[in-house]
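Novice: Submitted below is the structure of interest, expressed as structure tokens.
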Amino acid sequence: MEQIFLSPRSSCFWTTRPAVAPYQIMKRYLVTGASRGIGRAIAEKLAASDVELLLHGRDTVALADVCNSLKPRCARVVRLIHDLAVTSGVSDLIAQAGKDPLDLLVNNAGVAIVKPFGEITRVEWEQTLGVNVTAPFLLTQHLAQNMPPGSSIVNILSIAAKTGFPNWSAYCMSKFALEGFSQSVREELRDRKIRVINVYPAATDTNIWNNIEGEWPRKKMISPEEVASAVAYALSRPADVALENITLSNLTGNL
Ligand SMILES: NC(=O)c1ccc[n+]([C@@H]2O[C@H](COP(=O)([O-])OP(=O)(O)OC[C@H]3O[C@@H](n4cnc5c(N)ncnc54)[C@H](OP(=O)(O)O)[C@@H]3O)[C@@H](O)[C@H]2O)c1
């Protein structure tokens, strides 16, 4: 049976999707880089009948596939297509996310340029900074303003936020930078009862490895679903419990 309900947060939001009790409190989640990999797995884990999912990506076909597959399980799914390497793309994403408060922001979109530091071009450096650091900074700065107590920000960092690896200097630079930013923001938001959850996956079997030169043993990598499960578990803790730092790796060692 279909039910019509009204989100308490938005007077213009009516839907005829099934399964939610009338006047049930709606939750709004934004996941960047949800078109594939870890972001997609997180979106899949968080899909629920009382959730409005705002899913971001650049690849229109891949993102449409994710959105279409999750629509039947969510109150609403919104597609946000923006290039986060440029600040205008980030501004457009913030504008499209709108003024209604978010209960969750997942800063997941990321790029990996892997080559000797002597060969990294200025454009590649700027692109890495833009997507991996400046975008999460601007999204957090603008969107945290309206987030209510009990909401959460999840930052997908990496073991490369803690350790340097040869040829990964641009990537490590960006993840170390995001680590410093998010640790500090966490302390600023603690009094507002907003949790900042930092996730540090080791090598995870996603498309990010497709363009990285070399042989990378996929079988030794963890799955994006495992990362997503850890995120979902941290978010499922009571609002006054902070599971703040999550490191995931293969038990038998990293690559
Ligand atoms: N895979 C790993 O081994 C691993 C380990 C630790 C941490 N991480 C981190 O996990 C996050 C997700 O990575 P993944 O492994 O899932 O990689 P992935 O499969 O390549 O997915 C990356 C996502 O980021 C988006 N993205 C990349 N550049 C973008 C840009 N310029 N503008 C907007 N969106 C952009 C992609 O969108 P489109 O495809 O639609 O362009 C895609 O949705 C990243 O922050 C990464 O650093 C990954």
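Novice: Give me a count of the residues in the range 199-224 that are among the acidic types (D, E) and either buried (at least 17 other Cβ atoms within 10 Å of the Cβ) or touching a residue at least 24 places away in the same chain (Cβ under 8 Å) (or both).
Specialist: Taking the range 199-224 first, the residues among the acidic types (D, E) are 205, 213, 215.
So of that shortlist, the ones also either buried (at least 17 other Cβ atoms within 10 Å of the Cβ) or touching a residue at least 24 places away in the same chain (Cβ under 8 Å) (or both) come out as 205, 213.
Adding up the residues that qualify gives 2.
Novice: Restricted to the range 153-172, and to residues that are within 12 Å of the ligand (Cβ to nearest atom), in a helix (DSSP H, G or I) and touching a helix residue (DSSP H, G or I) at 6+ places or on another chain (Cβ under 6 Å), which residue is nearest to I197 (Cα to Cα)?
Specialist: The residue in question is A161.
Novice: Out of the range 103-131, which residues are of a type in the set (A, V, I, L, M, F, W, C) and not in a loop (DSSP other than H, G, I, E, B)?
Specialist: Start the filter on the range 103-131 by keeping residues that are of a type in the set (A, V, I, L, M, F, W, C), which leaves 104-106, 109, 111-114, 117, 120, 123, 125, 129, 131.
Residues satisfying the conditions are L104, L105, V106, F117, V123, W125, L129, V131.
Novice: To continue, here is another question. Is there a residue being more than 10 Å from the ligand (Cβ to nearest atom) and in contact (Cβ under 8 Å) with a residue 12 or more places away in the chain anywhere in the range 29-40?
Specialist: Going through the range 29-40, the residues more than 10 Å from the ligand (Cβ to nearest atom) turn out to be 29-30.
Checking the rest, the ones that are also in contact (Cβ under 8 Å) with a residue 12 or more places away in the chain come to 29-30.
Scanning the range 29-40, I find at least one residue that is more than 10 Å from the ligand (Cβ to nearest atom) and in contact (Cβ under 8 Å) with a residue 12 or more places away in the chain, so the answer is yes.
Novice: With V241, V227, V231, V185 as the choices, which residue is more than 12 Å from the ligand (Cβ to nearest atom), of a type in the set (A, V, I, L, M, F, W, C), buried (at least 17 other Cβ atoms within 10 Å of the Cβ) and outside any strand (DSSP E or B)? Quick ask: steps written out before the conclusion?
Specialist: Numbers: V241 fails: buried (at least 17 other Cβ atoms within 10 Å of the Cβ); V227 fails: more than 12 Å from the ligand (Cβ to nearest atom); V231 fails: more than 12 Å from the ligand (Cβ to nearest atom).
Only one candidate qualifies: V185.
Novice: If the requirement is being surrounded by fewer than 20 Cβ atoms within 10 Å (Cβ to Cβ) and either within 15 Å of the ligand (Cβ to nearest atom) or modelled with pLDDT under 80 (or both), which of these qualifies: R73, R58? Show your work before the answer.
Specialist: Working: R73 fails: either within 15 Å of the ligand (Cβ to nearest atom) or modelled with pLDDT under 80 (or both).
Matching residue, one of R73, R58: R58.
Novice: Within the range 200-225, which residues are in contact with a strand residue (DSSP E or B) (Cβ under 6 Å, 6 or more places away or on another chain) and closer than 16 Å to R40 by Cα?
Specialist: Selection gives P201, T204, I222, P224.
Novice: With respect to L102, is the statement that it is more than 8 Å from the ligand (Cβ to nearest atom) and either farther than 19 Å from I38 by Cα or over 17 Å from the mean Cα position of the chain (by Cα) (or both) true?
Specialist: So L102 passes the test.
Novice: Any idea how many residues of the range 138-179 are closer than 19 Å to R237 by Cβ and of a type in the set (G, A, S)?
Specialist: 3
Novice: For the range 114-131, what are the residues that are under 17 Å from V90 (Cβ atoms) and either buried (at least 16 other Cβ atoms within 10 Å of the Cβ) or modelled with pLDDT under 95 (or both)?
Specialist: Q127, T128, L129, G130, V131
Novice: Here's something else I'd like to know. Report yes if some residue within the range 132-152 is in a loop (DSSP other than H, G, I, E, B) and buried (at least 16 other Cβ atoms within 10 Å of the Cβ); otherwise report no.
Specialist: yes
The values are calculated or read from the model by the stated rules, or taken from the named source; none is laboratory data. Keep in mind it's a predicted model, so treat the numbers as computed, not measured. Glycine gets a Cβ as well: all are built from the backbone with ideal geometry, and neighbour counts include every protein chain shown.
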